[in-house]
Amino acid sequence: MIVFDGSGSMAEMGFNKIDEPRIFEARRAVAQALPDIAEHRRIGLLIYGPGGQDGCSGIDLRFAPIPDAAQAVIAAVNGLEPSGETPLAEAVGAAVDVLEHSNGGGSVVLVTDGKETCQGAPCQLAAQLADTPFTIHVIGFKVRGDYFAFSTESDNEYDTAETVSRCLADRTGGHYVGAESVDELVAAFRKTLGCPLLF
């Protein structure tokens, strides 16, 4: 299951060295990475952020894992208009529920640009999943801290920013991969979703 960040911050630009909305680069990376990956494994998609009764209830299961899902994932991400908050823990929990009902186990790849903003507890969820047949991989895409950066500040501040949801990967045996560019995001998808023998 891919759990994809469709929250309002994916449309942000103009500060912290983001010269175009994150969603633009994410769309290019998905289009580049998914066709090869989807040939070899079933993939499902859940998007969080847009829709819902309030900013935190936008959790949209697009489909459970299916064969040849590349075009369906690409179309969903291309049609995404980012909005809403970031219910990370609830979204990952919903993806785990899908896998539990269909396979009894599996992997979740969380794509996020930041932190939980809906009072969820990602690290508590990580502890609950630690000894289960679920692996959570986390891709931190252009993660930024809670500050506005100016040109005089060190580039190192961007290199060290991580999402709090890294604990989901650490506790379940998954990968945490930071990505700042399209190429890095493609590589992150291949590392977390792809077959190591192919990539």
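One table, with the values for the structure above:
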| quantity | calculated |
| --- | --- |
| Any hit, region 53-61, residues being surrounded by 15 or more Cβ atoms within 10 Å (Cβ to Cβ), closer than 22 Å to V186 by Cβ and at pLDDT 95 or above | no |
| Selected residue (criterion: nearest to I59 (Cα to Cα)) from residues of region 69-113 that are in contact with a strand residue (DSSP E or B) (Cβ under 6 Å, 6 or more places away or on another chain) and among the polar types (S, T, N, Q) | T112 |
| Residue in region 58-80 that is touching an Asp or Glu at 6+ places or on another chain (Cβ under 6 Å) and either under 21 Å from G178 (Cα atoms) or in a helix (DSSP H, G or I) (or both) present | no |
| Flag for G79 being surrounded by 14 or more Cβ atoms within 10 Å (Cβ to Cβ) and either without any contact (Cβ under 8 Å) to a residue 40 or more places away in the chain or at positive phi (or both) | no |
| Residues satisfying the stated conditions in region 91-130, i.e. at pLDDT 90 or above, within 14 Å of the chain's Cα centre (by Cα) and not in a helix (DSSP H, G or I) | S107, V108, V109, L110, V111, T112, D113, E116 |
| Qualifying residue in region 28-35 (condition: closer than 16 Å to P82 by Cα, of a type in the set (V, I, T) and part of a helix (DSSP H, G or I)) | yes |
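The values are calculated or read from the model by the stated rules, or taken from the named source; none is laboratory data. Note that the structure is a prediction, hence the values are computed from the model and not measured. Positions of Cβ are generated from backbone atoms using ideal geometry, with glycine treated the same way; all protein chains shown enter the neighbour counts.
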